[in-house]
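Structure first, commentary second.
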Amino acid sequence: PAPASLRVIDLKLDILCYSSMDLPVAVAVSELVIPGLADQLSIMKKAIVSELLTQQPQLCPYHFVPPGLLIPLTAIYDTRYGEIEEKQSELRRNLHFRLGLPLDRPLLRTSNALTFGAMEMRDRSSSKSGSSLLRDVHKEIPSSGVSGGIMSLIDGSYEYYHYLHDGIDDNGWGCAYRSLQTIMSWYRLQQYSSINVPSHREIQQVLVEIGDKDPSFIGSREWIGAIELSFVLDKLLG
């Protein structure tokens, strides 16, 4: 007979439970929390049992409330893989189909997940302090009145980056830099990317790294155009 073996794996359990405000804690634990944890553990077992002897799964539950859904849903992802890995992409695509969610925007990536505890409190405090950036400025712009003009609708939110923001004196040479920052903020706010909006220096650094500019370009006030913007977007967003 084959020798017995013991395999120990770590699993993170995380559930959401709904209850009335007056439900006793002891009852909530016994009737909601414990059954919920048992169900989630059973689901994870089914997901990993076929590869448990050969691989080390790293399953983690995430909670989401996509537009149109009234209650959260929980998806369990294997964090060994990046979010652009084909297996993970296919899983999210199937969930979009099953839930009737649109396929042209990310709604179930980990960056879309609900956050609780200290992180949530930090986000709330930062939102209370306000942002120095205007958002969706096109909504307050009156009609141009141009005869024969074509109106285009912007889908989603963006932050408006402008001259002299962040204490940087880029008046007269920073137009493309600010346009690029505004574009990057749209990708970030729509959860297409978790990359931070790059600074002027970081934009210059990218152009040097790809060989478009000489090292002396970093820290200069040299302006850039649409071609350079496309280079940076391709490098940062792929």
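Taking every DSSP helix (H) stretch of at least 4 residues in the chain, weighting each as -39,500 (n - 2.57) and dividing the sum by the residue count yields a mean residue ellipticity at 222 nm of -10500 deg cm²/dmol. Within the range 42-100, the GluC sites (Glu not before Pro) that combine a DSSP coil assignment with at most 16 other C-beta atoms in a 10 angstrom radius are E51, E83, E85.
The reciprocal of the average 1/r between distinct C-alpha atoms defines the Kirkwood hydrodynamic radius, which for the chain equals 22.4 Å. Taking 0.36 nm per residue of sequence separation and removing the Cα-Cα distance, the I34/L103 pair yields an extension gain of 21.4 nm.
For F116 and L95, the difference between the fully extended length at 0.36 nm per residue and the C-alpha to C-alpha distance is 5.2 nm. Please identify the longest segment of the chain free of exposed chymotrypsin sites (Phe, Trp or Tyr not before Pro), where exposed means a DSSP state other than H, G, I, E or B and no more than 11 other Cβ atoms within 10 Å. Result for the longest clean stretch: 117-238.
Can you list which of the DSSP-assigned H helices in the chain have a Cα extent of 15 Å or more along the long axis and an average Kyte-Doolittle score of at least 0.5?
For the chain, where a helix must reach 15 Å along its axis and average at least 0.5, the hits are 34-48, 226-237.
The simple spin-label model puts a point 7 Å past each Cα toward its Cβ; for D214 and V137 those points are separated by 3.5 nm.
Computed from the coordinates by the stated procedures, all read-outs in this text should not be read as laboratory data. The shown structure was predicted, so the numbers you read here are calculated from the model rather than taken from an experiment. For neighbour counting, all protein chains shown are included, and Cβ atoms are generated from backbone atoms with ideal geometry for every residue, glycine included.
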